[in-house]
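Values quoted throughout were computed directly from the atomic coordinates according to the rules given, and no laboratory measurement underlies them. From a predicted model like this one, the values you see are computed outputs, not experimental measurements. Here Cβ is always computed from backbone atoms with ideal geometry, including for glycine, and neighbour counts include all displayed protein chains.
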Amino acid sequence: MSELANANAPVVVDRLRAWNSEAIAGVIEHRGEITLVVPHKLLRAVARQCKEDPELAFNQLSDATCVDRFPAEPRFEMNYQLLSMSRSQRIRLRTTIGGQQPVVDSLEPVWPGANWMEREIFDLFGIRFEGHTDLRRILLPEGFEGAPLRRDYPVEGPR
Amino acid sequence: MTTVETAIGTAKTMVLNMGPQHPSTHGVLRVLLELDGENVVNAVPDLGYLHTGIEKSCEDKTYSQAITLTDRMDYLNPLGNNLVYCLAVEKLLGLEIPKRAQYIRVMMVELQRISSHLVWLGTHALDMGAMSVMLYCFREREEILKIFERFAGQRMMTSYIRIGGLALEPPAGWREQVKRFIDMMPSRVDEYEELLTNNRIWMARLKGVGYLPPETLIALSTTGPGLRAAGIPFDNRKAFPYCSYEEFEFNIPTRTESDSFARYLIRVQEIRESLKIIRQAMDKITDQGPIKAEAPGVIPPQREKMKTEMEALIYHFKIFTEGFSPPVGEVYQAVESPRGELGCFIASDGSPKPLRVHFRSPSFVNLQALPSMVKGQLIADTVASIGTIDIVLGEVDR
């Protein structure tokens, strides 16, 4: 991983830093993909800026997923894949969440499509989303206990 | 899966449980419909009946072992699933794939796109009461499956696309077989269109049904034919070319009506475009050349080399006992599946097993648009709306 080599990265980073100097805590470039590390508290504001700034125009949320870095702390890493159709660009927003009562702001108010993606993460990782309108399990049955995609959940299930 | 009765249902309306065994839900989707007479007031999809934990299983397998799991997600597009997973691992490794292998990949996934659209067309026509179309579509799909069987030894769960290239050299006589198919297909597509496009019942059942404005579709993260039927020409093959798609000439069909009929026309047009791509790919595929990248330690060595070279034998042993370890990092790779953007996110921690594999499945995301699509429509139109989203439940639930 090296810092900033992609030609498109500086534009996005400069735009966001000009808007709020604390918006981006770090930039990671790996295999031509840009990841912007965003402070936990600013996530929704940065996402909204990415969508609404006409120079950025990330009009669609392609994907949202979580990576569990157990036993490291903060263990959860949220990854959001943003897509700008007009500019044919993808970018990833990342924020980290601690393992004690993991909560993060929902992006549903920005992109309604985040609804099911966040329900899936809630279901499989047990992360709560602040401001989500319908936070219920989506894939697993209602009485299911535990969050199976966490690294400390055994592959063969609880014994 | 949740009980949804608490969420909806007032004195005036009735809750109807559609599925999970309803034939038009193409698998095991359950939709709770809140009805006011014949009109749908609200719809709540309930998923998870086919959840098999594929993403969790991937974490416990080496990178190459997980390929067979990807086949089983979207069972109408197994080659596309292989492709997105392999492209993501190759990106993680920084592997360059030989052109010949790339063109064969393109040809195979385009054949797969046609076969997937044929199953969609056949079953959707069946849902709408036009039984004969299904028989025609499955007749042509059979020809494609025969091609796959000769290439990969399997009709459906092919696992033909592997990390670094392909599993096998194309079989003898493949050109004639594929050529026979693409020569025959245009007239067969005309045949379907003759049966459906100007059919008054077909039009009455589909036109104006399941309309959503383009802004709503984008906001709900919809991709694929559903979005292109709303006039947005977004296609990953053009926007973010992979497998040398930039070298192929083809159009992205779009419509502006954004209803079920427009989605039908888009898919039929896509079959014709795929045929164009296959024809070009066949010209580009040379008879000789490598089908695997040169990457000792990642790609299993050739049999002959193992009998003469010590290193080859060691690499073979290591690949199949412990696997290979890509560098630390994350990648996201998207391809255009018949249903929309199929994405694969892989996080590597530098060990032979992935830290996290996530599939962004188009069926799952597109299905989100169903409640907004059916609100205010008649019950019978719900069937048409579910059909034109084109979901595969194996992929929705993974």
Taking B:MET203, A:MET85 and counting other C-beta atoms within 10 Å, the order from fewest to most: B:MET203, A:MET85
Angle in degrees between helix A:114-125 and the longest Cα principal axis of chain A, rounded to the nearest 10: 40 degrees
Range in chain B, longest, excluding exposed GluC sites (Glu not before Pro) [loop by DSSP; at most 12 other beta-carbon atoms within 10 Å]: B:97-248
Ranking of B:LEU275, B:LEU121, B:LEU168 by count of other Cβ atoms within 10 Å, fewest first: B:LEU168, B:LEU275, B:LEU121
Radius 13 Å from Cβ of B:PRO213, net charge of other residues (Lys, Arg +1; Asp, Glu -1): -3
Above-threshold pairs, the threshold being 18 Å between Cα atoms, out of B:LYS238/B:LYS276; B:LYS99/B:LYS318; B:LYS56/B:LYS91: B:LYS99/B:LYS318; B:LYS56/B:LYS91
Sorted by Cβ neighbour density within 10 Å, fewest at the top, the residues B:LEU342, A:LEU36: A:LEU36, B:LEU342
Kirkwood-Stokes translational diffusion coefficient of chain A, alpha-carbon pairs, 25 °C, 0.890 mPa s, µm²/s: 149 µm²/s
Computed label-point distance, nm, for sites A:GLN100 and B:GLU309 using a 7 Å Cα→Cβ extension: 5.6 nm
Computed Kirkwood radius, in angstrom, where 1/r is averaged over Cα pairs of the protein assembly as shown: 24.4 Å
Relative contact order of chain B, pairs being alpha-carbon contacts under 8 Å that are 6 or more residues apart, as %: 25 percent
Table column - 3J(HN,Hα) (Hz), segment B:95-103, Karplus curve with 6.51, -1.76, 1.60, x for Gly and Pro: 8, 9, 9, x, 4, 4, 5, 5, 5
Percentage of interatomic Cα-Cα distances in segment B:2-125 larger than 18 Å: 68 percent
Whole-Å distance, taken between Cα centres, linking segment B:65-142 and segment B:13-51: 28 Å
Per-bin percent of Cα-Cα distances, segment B:54-397 [10 Å]: 5, 25, 33, 23, 10, 3, 1, 0
With Cα atoms, 0 to 90° folded angle of helix B:78-93 axis to chain B main axis: 50 degrees
Cα-Cα P(r), segment A:9-103, percent of pairs per 5 Å interval: 3, 13, 25, 26, 18, 9, 5, 1, 0
Using alpha-carbon coordinates, inclination of helix B:131-152 to the longest axis of chain B, degrees: 10 degrees
Quarter of Cα convex hull surface for segment B:256-398, i.e. mean projection, nm²: 13.1 nm²
